[in-house]
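One structure below.
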Amino acid sequence: TEVYEYLYTKSLYWQNYANVKGFRLDTLRHMENDFLRRLGIDLHSEIADFWLLGEDFTGSPIEIDHRARHTGIDALFDFPMYYAMTDVFCRQKSPYHLATTLSASSIYSSNLQMVTFLDNHDLPRIASICSEKMRDQALFFQFLLRGLPMITYGTEFALEGEKEPQNRHPIHWNKEPILAPLIQ
């Protein structure tokens, strides 16, 4: 109850203070579905056009769908597609992996928004695990996919880092954002 009240109250505070229209919920696997459903329902009733984006690290479309249906989350990071894209573009796996992942995503609820990405602060940066040519192709492919493409800070600078803390390095603003033309 105390955690719920804190999150709910602080969410409303930030919405009122900065006109925030959505939040990213980290590590959903540590939260109960009923807790997330209640938080979502209550925030949606208070804030018009509100959006909750959740992080569920699973690579299983079935588990993603289950989480979405039992929580009412508006959007989830597309970890199944992340794993498929990095396997195909960076690890030379068969494109069949992309096809099966896209096919399996047909089970998702029609109102669920999937957020595609190629790297983030918890994972190896795309510039560290792909060749330049394949990295560029992966970025191009990401923007062709269904869903909402997300670019993590530093991707436009080809920030490197295969594990923590390197994948969380700050951006060197004096360098040229060499991938910006592919992203813009």
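Quick notes on this one:
- Residues of segment 154-174 that are open to solvent by 90 Å² or more (accessible area, probe 1.4 Å), of a type outside the set (D, E) and not in a helix (DSSP H, G or I): K163, H172, W173, N174.
- Scan of segment 55-98 for residues that are farther than 15 Å from V115 by Cβ, in contact (Cβ under 8 Å) with a residue 12 or more places away in the chain and among the hydroxyl-bearing types (S, T, Y), ordered by number: S60, T71, T86
- Residue check, T100 touching a Pro at 6+ places or on another chain (Cβ under 9 Å) and either at pLDDT 95 or above or within 24 Å of P165 (Cα to Cα) (or both): no
- Residue count for segment 133-144, restricted to those that are free of Cβ contacts under 8 Å to residues at least 24 places away in the same chain and either open to solvent by less than 50 Å² (accessible area, probe 1.4 Å) or assigned to a helix (DSSP H, G or I) (or both): 1.
- Restricted to segment 115-129, and to residues there that are open to solvent by 20 Å² or more (accessible area, probe 1.4 Å) and at pLDDT 95 or above, the residue that is farthest from P61 (Cα to Cα) is S128.
- Residue count for segment 62-108, restricted to those that are part of a loop (DSSP other than H, G, I, E, B) and surrounded by 14 or more Cβ atoms within 10 Å (Cβ to Cβ): 6
- Residues in segment 23-54 that are free of Cβ contacts under 8 Å to residues at least 60 places away in the same chain, within 13 Å of L76 (Cβ to Cβ) and open to solvent by less than 30 Å² (accessible area, probe 1.4 Å): L25, L28, L36, G40, L52, G54.
The values are calculated or read from the model by the stated rules, or taken from the named source; none is laboratory data. Keep in mind the model is a prediction, meaning the values are calculated, not measured. Cβ sites come from the backbone with ideal geometry, for glycine too, and all protein chains shown count toward neighbours. Surface accessibility is based on the protein's heavy atoms, side chains included, excluding ligands, DNA and RNA. Shrake-Rupley method; radii C 1.70, N 1.55, O 1.52, S 1.80 Å.
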